[in-house]
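Notes follow the structure.
The values are calculated or read from the model by the stated rules, or taken from the named source; none is laboratory data. The shown structure was predicted, so the numbers you read here are calculated from the model rather than taken from an experiment. Every residue, glycine as well, gets a Cβ built from its backbone with ideal geometry; the counts of neighbours run over all protein chains shown. Please note that ligands, DNA and RNA were not included when accessible areas were found on the heavy atoms of the full protein model with its side chains. Shrake-Rupley method; radii C 1.70, N 1.55, O 1.52, S 1.80 Å.
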Amino acid sequence: MTIRVLLVDDQMLVRQGLQSLLALAEDIEVVGTAADGEVAINFLLEQTVDVVLMDIRMPRCDGLQALALLREKQMDIPVLMLTTFDDHHSIMTAIRAGAKGYLLKDVSLETLVEAIRCLQNGGTWLQPSLTERLLTDLQTAPHSDTSELAEPLSDKELEVLRLMAAGLSNQEIAEALHKSTGTVKNQVSTVLAKLGVQDRTRAVLKALELGLLVR
């Protein structure tokens, strides 16, 4: 199945470069480009798109405003933020606004394609190096009270959570912990439920806010 992608970036060379690179992936088709969020929304109202690849900072209507418009119009299209901004405020703001993934523009084509495929399949994607940056930035930041959790995470669940934050898949976590994939899948579901989130990306962000990943 071909994944239909919309590229949203205010720099024409970036759009053209990404379009040329993604053309190398047999299962991805760039069906449109836009220079700002408003143009992107108008395109999405008329065309079928599986994944939106979007920058954060753009004139007139930036990525965060576009995410807000998508929510307002109840358009459930996964958005992968691709940007140069790696500060924890930008990352958390974008994820809270509804982005399903966050990547820096210095990633490899292989990683970008993998992230697009992940979002198209209903998953989320947070670049592992960004998780490390978040941990560094949040080391001295005040954390939320973990007592807000209805039930605390067990040591085993925290171990699974840390491996999730490192970007490992369920199968990779299972191999690292010498467990079955089914067991890990159940533990991941339990972690999401206890944190009150629906996907891995938000689980990692919530864990960072609560200081659960700080050793």
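Tell me, which residue of the range 15-30 that is over 16 Å from R117 (Cβ atoms) and touching a Leu at 6+ places or on another chain (Cβ under 8 Å) is least open to solvent (accessible area, probe 1.4 Å)?
If we take residues in the range 15-30 being over 16 Å from R117 (Cβ atoms) and touching a Leu at 6+ places or on another chain (Cβ under 8 Å), then R15 is least open to solvent (accessible area, probe 1.4 Å).
Are any residues in the range 86-95 loosely packed, with under 15 Cβ neighbours inside 10 Å and without any contact (Cβ under 8 Å) to a residue 40 or more places away in the chain, and if so, which ones?
Restricting attention to the range 86-95, the residues satisfying the condition of being loosely packed, with under 15 Cβ neighbours inside 10 Å are 87, 89.
Residue satisfying the conditions is H89 alone.
Evaluate the following for L44: is it surrounded by 19 or more Cβ atoms within 10 Å (Cβ to Cβ), under 17 Å from L119 (Cβ atoms) and either of a type in the set (A, V, I, L, M, F, W, C) or without any contact (Cβ under 8 Å) to a residue 60 or more places away in the chain (or both)?
Criteria met by L44.
Within the range 68-85, identify whether any single residue is open to solvent by 60 Å² or more (accessible area, probe 1.4 Å), closer than 26 Å to Q198 by Cα and in contact (Cβ under 8 Å) with a residue 40 or more places away in the chain, and answer yes or no. Please lay out each step first, then the result.
Step one: filter the range 68-85 for residues open to solvent by 60 Å² or more (accessible area, probe 1.4 Å), giving 71-74, 76, 84-85.
Next, only the ones that are closer than 26 Å to Q198 by Cα stay: 71-74, 76, 85.
Okay, now just the ones that are also in contact (Cβ under 8 Å) with a residue 40 or more places away in the chain, so none.
Looking for residues that are open to solvent by 60 Å² or more (accessible area, probe 1.4 Å), closer than 26 Å to Q198 by Cα and in contact (Cβ under 8 Å) with a residue 40 or more places away in the chain, one finds none in the range 68-85, hence no.
Could you please find all residues in the range 47-58 being open to solvent by 80 Å² or more (accessible area, probe 1.4 Å) and within 19 Å of L104 (Cα to Cα)?
R57
Hey, L24 hits all of (1) more than 15 Å from L103 (Cβ to Cβ); (2) in contact (Cβ under 8 Å) with a residue 40 or more places away in the chain; (3) in contact with a strand residue (DSSP E or B) (Cβ under 8 Å, 6 or more places away or on another chain); (4) of a type in the set (A, V, I, L, M) but one; which does it fall short on?
That leaves (3) as the condition not met.
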